[in-house]
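Below is one structure, written out as structure tokens, with a few remarks after it.
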Amino acid sequence: MNNMKRSRLALVLFAAGVFLSFSFLSCDKTGSSEIEGVEDVILTDAPYVPPPITRTHPTKVIVNLETQEVVKRLADGVEYVFWTFGGSVPGKFIRVREGDLIEFHLHNNPSSKMPHNIDLHAVTGPGGGAASSFTAPGHSSTFSFKAINAGLYVYHCATAPVGMHIANGMYGLILVEPKDGLPKVDKEYYVMQSEFYTEGNYGEPGIQPFSQAKAVDENPSYVVFNGSVGALAGDNAITASEGETVRLYLGNGGPNLISSFHVIGEIFDQVYGEGGTKVNQNNVQTTLIPAGGSSIVEFKCEVPGTFILVDHSIFRAFNKGALGMLKVSGGPQIEIYSGKQKDEVYLGNGNPSEALLKANLLNGAPDPNKKMSKEELLAFGKTVFSSSCQACHQADGKGLSNVFPPLAQSDYLLKDKERAIATVIKGLQGEITVNGKKFNGVMPQQVLDNIQIAAVLTYVRNSFGNKTDIVTPQEVEKVRGK
Ligand code: HEC
Ligand SMILES: [Cu+2]
């Protein structure tokens, strides 16, 4: 405790003494600093947070937390032996009030293989409680600490080898609410980032063992929010309604990486940097969360839609799993965000340069002088399709009714190979009939070389239920020459 706090406490105690009778009758907002009563803490699993504390005095809080070693899903088809505080990763969210006396009971499940302990960054004391809480399987340890500093703190296991205990999932957050509480918000959520180091690469199926080598190299196969790929996405997304304020309690269990936490399409109105008690920035795009550290962000959801939570070290988001979702319900807010207003044809300046075609070759495009097999055309065509056609004709080739005609089982596409080639080379405009339905839109000219066109047409003419012959670059060249 620093001197200022000490003298302030002394002052409060003095005042409390002098106005003892008065204090008993009227309870002011900050209340007394005397420990009063006992209660069991409420613990929650991510992404949920226990309710705000309404007490105006410190109390004795009993925390019972059990370390468990469990097999759970890390990604679809991938399992991992997680070491946990409370059965899932991240560990239970603990919420106490500044000045509370926490009586901590750490239980180690009898089925555990390892001893575990807990180092709470909210503790002022050696090891953050680590030595006092060292607990063998089938044992319980008890220690107490006073939460003298408010803030959002990481806790983690600190049993040797520490790196391995953390890498296997042993971390969570404890919020020490300031005496006067935090400003009221509509929604609060718990999001914790961390990495997993598995023998197999991202997505390799089966129960994956821990890789010490990858952990030492700081080269994880997975970077995730709330313990697994997709834990915060799709049906597991966190939610809010338009107009609501949201507070995220963010933690980073590491063990190694720093998180550049960002919500795509949102701006943090307030950031309590590094999980301290002071708003030290407004209007922040990306907040840094150190390994073994935290951050609190608040924002208002002005516009409905799906907002993507990422580590903006962006390959982690799209290739290692660090992607979550906040779904905001509500009606359109055109004044703040219009949505797409127009889609027009843009032809640019025509054909790609020699240099660009060469560069594309280096990036995996096939050699134009080589004769390609059907398999090669199909494989390359798939990548061309996803970058050049999919946006309009859709991933399943079914198009969009009345706007983009289907390629799947399209009589127009399958009937006339030369016409299909010409469509891609020159674009298409004016009324056409596809499978009996009329379309009258504009397909822009596709700036692609002969191989790309041969490959993409081979692909679309042999996918989505279509089955016919291949298109060769020579055939494309012939149509171009006409
Ligand atoms: C910007 C949107 C857009 C893109 C990108 C696009 N198309 Fe089209 N495509 C259309 C529209 C619109 C039509 C219908 C044009 C009309 O009504 O005359 C069409 C028609 C077609 C047709 C004939 C109708 C049918 O369904 O069989 C084919 C074949 C076709 N596109 C293939 C492709 C291929 C292959 C690519 C990628 C190389 C591609 N398109 C990229 C919008 C697009
Ligand atoms: Cu441990």
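Read-outs: derived from the displayed coordinates by stated rules, not from any lab. Only a predicted model underlies this, so the values are computations on that prediction, with no experimental measurement involved. Heads up, the Cβs are rebuilt from the backbone with ideal geometry, glycines too, and the neighbour counts pull from every protein chain shown.
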Quiz item: If you stretched the chain out fully between Ala355 and Ser144, how much longer would it get, using 0.36 nm times the residue separation minus the C-alpha to C-alpha distance?
Solution: 69.1 nm
Quiz prompt | Nearest 10 degrees, 0 to 90: helix 417-426 Cα axis against the chain principal axis | solution = 60
Quiz item: On a 0 to 90 degree scale, rounded to 10, what angle separates helix 450-460 from the longest Cα axis of the chain?
Solution: 70
Quiz item: Going toward the positive end of the dipole of the chain, with +1 on Lys and Arg Cβ and -1 on Asp and Glu Cβ, which of Asn64, Gln446, Phe307 do you reach last?
Solution: Gln446
Quiz prompt | Radius 14 Å from Cβ of Val479, net charge of other residues (Lys, Arg +1; Asp, Glu -1) | solution = +1
Quiz item: Assigning unit charges at the beta carbon (Lys, Arg +1; Asp, Glu -1) and nothing else, what dipole magnitude in debye, to the nearest 20, does segment 354-481 show about its Cα centre?
Solution: 200
Practice problem: Quick one: of Lys179/Lys327; Lys415/Lys438; Lys113/Lys327; Lys382/Lys417; Lys146/Lys320; Lys92/Lys184, which pairs are farther than 28 Å apart, Cα to Cα? | Solution: Lys179/Lys327; Lys113/Lys327; Lys146/Lys320
Quiz prompt | Selected from Ser387, Ala420, Ala359, residue furthest toward positive end of dipole (segment 354-481; charges at beta carbon) | solution = Ala420
Quiz item: Around Asn462, what is the net charge, scoring Lys/Arg as +1 and Asp/Glu as -1 over all other residues with Cβ under 11 Å from its Cβ?
Solution: +2
Practice problem: Exposed loop chymotrypsin sites (Phe, Trp or Tyr not before Pro) only (DSSP loop, at most 14 other Cβ atoms within 10 Å): please give the longest stretch of the chain free of them, not including the sites. | Solution: 49-336
Quiz item: In segment 206-292, which trypsin sites (Lys or Arg not before Pro) fall in coil by DSSP and have 11 or fewer other Cβ atoms within 10 Å?
Solution: Lys278
Self-check item: Residues with amide H under 5 Å from that of Glu66, placed H, sequence gap 5 or more
Solution: Gly86, His107
Quiz item: Can you give the angle from 0 to 90° between the axis of helix 374-388 and the longest principal axis of the chain, with both taken from C-alpha atoms, to the nearest 10?
Solution: 60
Exercise. Run the dipole for segment 29-183 about the Cα centre, Lys and Arg Cβ at +1, Asp and Glu Cβ at -1, nothing else charged, and hand back the magnitude in debye, nearest 20.
Key: 100
Quiz item: Percent relative contact order of the chain, based on C-alpha pairs within less than 8 angstrom and at least six residues apart?
Solution: 10
Quiz item: Suppose R0 equals 35 Å; then what is the FRET efficiency for Ile258 and Asn109 from their Cβ-Cβ distance, rounded to the nearest 0.05?
Solution: 0.65
Practice problem: Filter the trypsin sites (Lys or Arg not before Pro) in segment 147-210 to those in DSSP coil with at most 10 other Cβ atoms within 10 Å of their Cβ, and list the result. | Solution: Lys184
Practice problem: Give a residue-ordered list of calculated ³J(HN,Hα) values for segment 401-410 (Karplus: 6.51 cos²θ - 1.76 cosθ + 1.60, θ = phi - 60°; whole Hz; x for Gly, Pro). | Solution: 4, 6, 10, 10, x, x, 9, 5, 6, 7
Quiz item: Put +1 on the Cβ of each Lys and Arg and -1 on the Cβ of each Asp and Glu in the chain; which of Tyr48, Ser32, Val246 then has its Cα farthest toward the positive end of the dipole?
Solution: Val246
Practice problem: Under 15 Å from a label point 7 Å along Cα→Cβ of Leu378: give me every residue in segment 441-473 with its amide N that close. | Solution: 455-471
Quiz item: What residues have an amide H closer than 5 Å to that of Ala158, excluding those fewer than 5 places away on the same chain, when H is modeled at 1.01 Å from N in the peptide plane?
Solution: Asn117, Ile118, Asp119
Quiz item: With +1 on each Lys and Arg Cβ and -1 on each Asp and Glu Cβ, how big is the dipole of the chain about its Cα centre, in debye rounded to the nearest 20?
Solution: 840
Self-check item: Beta bridges by DSSP in the chain, antiparallel share as percent, to the nearest 5
Solution: 70
Exercise. Determine the sum of side-chain charges near Asp45: Lys and Arg each +1, Asp and Glu each -1, restricted to other residues whose C-beta is under 15 angstrom from that of Asp45.
Key: +2
Quiz prompt | Full-extension gain in nm, Glu36 to Glu204, via 0.36 nm per residue minus C-alpha separation | solution = 55.1 nm
Self-check item: Average projected area [Cα convex hull, the chain], square nanometres
Solution: 29.8
